[in-house]
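Beneath this line is the structure, given in structure tokens, with notes to follow.
No value in this document is a laboratory result; all are computed from the given coordinates. The structure displayed is predicted, hence computed values, not measured ones. Please note: Cβ atoms are built from the backbone with ideal geometry, for glycine as well, and neighbour counts cover all protein chains shown.
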Amino acid sequence: MDEPVQIGGRVQRLRTERGMTQRQLAEPAYTPAYISTLESGRVRPSETALRFLADRLGVSYEELATGRPARVATELRLALTDAQRTLATGAADEAAVHYRSLLADAERLELLPERAEALLGLGDCALECGELTDATAHFEAAERLLADEPLPRRVRPIRGRAVAHLLAGELRYACYLLESAIDELGASGLADPEALVMLYAAVIGPYMDMGAHGRAAHAAELALALAPQVSDPALVAGMHRQVARTFLADGRVADADASLAKAQSIYGQLRLRTDLAHCHWMRGYVHAQNDDLVSAERELRTARDMLSARRAALYTAQVEVELADVLRRVGRHEEAAGLLAALLELGDRHGAVHAGGAHRLLGLMAEERGDAEAAEEHYVQALALLERSGATGDLADLCRLLGDLLRRTGRTEAALDAYRTGLGHRAAPGTTTLGPAPVSPALRVSGSRWAAGRAG
């Protein structure tokens, strides 16, 4: 509700436009003196009084109280849904234009929930376009707007910020954000299933990249247990897509592929093109791990073409690293090197983890053609990038590759240093800035209480 002076001025204007006297407006429930006091802004009208006056003036209560017709907020929410559909089925830059316009409308009309929704949409658009700084700024602004809301309402911007940091290679901080939210949900008793599934699904990626496979598997187990209580099919599909990574790490290739098939089916029905491309990407990775390189190349090319068509530059570059590895393994080194060189020309703004992965592959190819000096140079560059990101599992593997290269070239002491560095990274897999894993909430599954233990 606006201030009394604004409401009073609005009542006076509407009464005058309708040719009514203060007595005609007031009767039979109020006095002309009350209407005079109200119009001068010296009294704050009750909701009952405003509803009576709105009926007499032929306007809605909301229009009289706030100056906005009731239909405005509804129309804005419908427009936000259309913008979300554009992002899901069209291009992110086109959706961003809609979201920016809607944000301006929501700010002008002082509609806080709609402002937050527009900012979240802009954050998602920026993520898809690889504009990680902008994405973080949008998610932070949305979180500030929702600061007084219960934590489940703030999970989306928290998750968005974590994904932006993850894509930038800041794995530990991504874990910090997600683990903090999980612990806060548990401590507050607000164990909202959809909020928890969103957080558990999001934390699987950084856990896997950091080599914390035990924590990732536990998060997947909790997400799967909560899935029957989640009504959003897209959220369930995203959970299955992430859970597939933990199955693959355990050598459960069939389970990983089945999980991806579920996600792919849902995304296809919902026409979520970017998410569908991610499923092709992940299935390509599964095939590559299973040495089915023909199928891997087919799936990865499909993913790359879909993402490139949507101008999702960040994700396209990441898929190209996976595709280059497949091309290297089938002996098409020149084609693989071309993909990686183009990616590295963009710098490491697409994420230290994937830039490090590109240098690692270029190092492998240099070794395979007998150029030890170039291989060492690429490995050292990859090491610097991965150390910055905290990708523990990848670091250990890279130190092994570098140590083997140095040993073969007769530099035994340097090789030992590389091996020790790798062992140091493997010594404490899964540690994050918070130390212990988040406390698992008590979950209700199939009518019985099931309390999950702490992940190691």
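Couple of notes before you dig in:
- Gyration tensor (alpha-carbon) shape descriptor, the stretch 58-111, a/c threshold 1.5: prolate
- Separation of the stretch 88-120 and the stretch 350-375, taken as the distance between their Cα centroids, equals 42 angstrom.
- Calculated mean residue ellipticity, 222 nm, the chain: -25000 deg cm²/dmol, from DSSP H runs (n ≥ 4) at -39500 (n - 2.57) each, averaged per residue and rounded to 500.
- Relative contact order of the stretch 70-149, defined on C-alpha pairs under 8 angstrom at six or more residues apart (%): 26
- Neighbourhood net charge (11 Å Cβ-Cβ; Lys/Arg +1, Asp/Glu -1) for THR136: -4
- Prolate/oblate/rounded call for the stretch 4-66, Cα gyration tensor, a/c under 1.5 rounded: rounded
- Excluding exposed DSSP-loop trypsin sites (Lys or Arg not before Pro) (at most 16 other C-beta within 10 Å), longest clean stretch of the chain: 43-251
- Note on semi-axes √(5λ) of the Cα gyration tensor in Å: of the candidates [x] 31, 27, 20; [y] 54, 23, 20; [z] 36, 25, 22, the value calculated from this structure sits at [y].
- The chain: relative contact order in percent, alpha carbon pairs under 8 Å with at least 6 residues between: 11
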